[in-house]
Every structure is written in structure tokens, then in C-alpha cells.
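K.L.:
Next up is a structure, given as C-alpha cells.
Derivation of every value follows stated rules applied to the coordinates shown; laboratory data play no part. Here the structure is a predicted model, which means the values were calculated and not measured. Every residue, glycine as well, gets a Cβ built from its backbone with ideal geometry; the counts of neighbours run over all protein chains shown.
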Amino acid sequence: MKGSVGTVSTFLDRMDERVIRLLSRYGILFLRVSLGLTFIWFGALKVFDVSPVAELVAGTVYWVPSALFVPFLGMWEILVGIGLLSGRLLRVTLLFFLMQMAGTFLVLLVKPEVAFQGYNLLLLTTEGEFVIKNLVLISGGLVVGSTIQSRRERREREHETRGETVAGY
């Protein structure tokens, strides 16, 4: 009996290690791609004027004509999505990503009657939930951002691959 428990435990340990390796290898990539696809999708809905949140966006940023702002925001989101999908210029992409995400929280300030039931901060409406879920998207963007190598790290890696040593590194 004791031997079979050890065998099961060893098997589970190996499976655990394989799953962790798989998650480590593909998790961030999947996160980046899913964020990119979400941004492209939501942006396209705004560009083609079929977004269910176009009225909410227009009512929140009421000082800019909605016929201009909503498609502009859609294009902004599409560009962020393309940046996330490509993995290029991630610093700039994530800056634009965070700017857009921060803007979504304007609903809570500008239109609290739309975001909260009876102005109760604990009772969200559908629109309020739509805004608050962006905390998860922001967290995803921060995780993707944490994978960007600094210029110094990149230089060090390039020199290592060439077999060079760099003074001061």
C-alpha cells in the first residue's frame, strides 16, 4: 500500500511540474494575445458603430462630439490590440493601453448614476460591472509589462550571445 501511495505522489509531482512548465512557457503569451484580440474586437465594434457601449462612452466624454470620439477610441483600441498581438513596441502600447483603461473609470466619476444603483458604491449596475472588470484587464497589462526586458538586460544578453564581456555589466 505504501509503495502505491509513493508512486501516485511521484506521478502527481511530475504532472504538476509539466503543467507548471507549460503555464510558464505559454501563459504570458496567451495573456498578451487574448488582451490584444479583446482590444481589436472592442475597438472594431466602436469603429463600425455597433458597440453596445458607444452611448455610455459618448455620455461620459460628453465634451467631444460622439461621432468623432467613439470611432477615434475604437481606432485607439485597435492599435493597442495590434501592438499587443505583435509584441512590438510594448512600452508604448502598454502606455496607450493604460491611458485607455484609466479613461474607462471616468464613468464612475462623470456618470455615477449609471454605474451605481441608487448612488450606492457597493451596488454596481451592469455598466458599473463593465467598468470595474477593467481592473482585471489592467492587471493583465501589468503582468505583460513585467516581462519587458530593460535596455540594459537586452544589451547584456546580446553581448553574452556573442561571447563578449561589457565593462560595468
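K.L.:
Determine, for each peptide in 141-150, 16-25, the mean count of other beta carbons within 10 angstrom over its residues, then list the peptides with the highest first.
P.N.:
Numbers: 141-150: 13.6, 16-25: 10.0.
For the peptides 141-150, 16-25, the packing ranking is 141-150, 16-25.
K.L.:
Tell me, in nm to one decimal, what length is gained between Phe30 and Ala102 on full extension, where the rule is 0.36 nm per residue of separation less the Cα-Cα distance? Intermediate values should be presented prior to the final figure.
P.N.:
Values: separation 72, 0.36 × 72 = 25.92 nm, distance 2.31 nm.
Result: 23.6 nm gained on full extension.
K.L.:
Quick check on the chain: helices-only [θ] at 222 nm, where DSSP H runs of length 4 and up contribute -39,500 (n - 2.57) each and the sum goes over total residues. Nearest 500, please. All intermediate terms of the calculation are to be shown ahead of the outcome.
P.N.:
Working: 9 runs with 128 residues, N = 169.
Here the helix-only value at 222 nm equals -24500 deg cm²/dmol.
K.L.:
Continuing with the same structure: What is the helix-to-structure angle for 134-145, meaning the angle in degrees between its Cα long axis and the longest Cα principal axis of the chain, kept from 0 to 90 and rounded to the nearest 10?
P.N.:
Rounded to the nearest ten degrees, it is 40.
K.L.:
Given R₀ = 45 Å, what would the calculated FRET efficiency be for Phe48 paired with His159, taking r from the Cβ atoms and rounding to 0.05? Walk me through the intermediate numbers first.
P.N.:
Working: r = 48 Å, r/R0 = 1.06.
Plugging the Cβ-Cβ distance into 1/(1 + (r/R0)^6) gives 0.40.
K.L.:
Here is a further query. For the chain, what is the relative contact order in percent, using Cα pairs closer than 8 Å and at least 6 residues apart in sequence? Could the numbers behind the result be given before it?
P.N.:
Numbers: 135 pairs, mean separation 33.3, N = 169.
Worked out over the chain, it gives 20 percent.
K.L.:
Something else: Is the chain rounded, prolate or oblate when judged by the Cα gyration tensor, a ≥ b ≥ c being the square roots of its eigenvalues, rounded requiring a/c under 1.5 and prolate requiring a/b larger than b/c? Provide the component values of the computation, followed by the final result.
P.N.:
Values: a/c = 2.76, a/b = 1.50, b/c = 1.85.
It comes out oblate by the Cα gyration axes.
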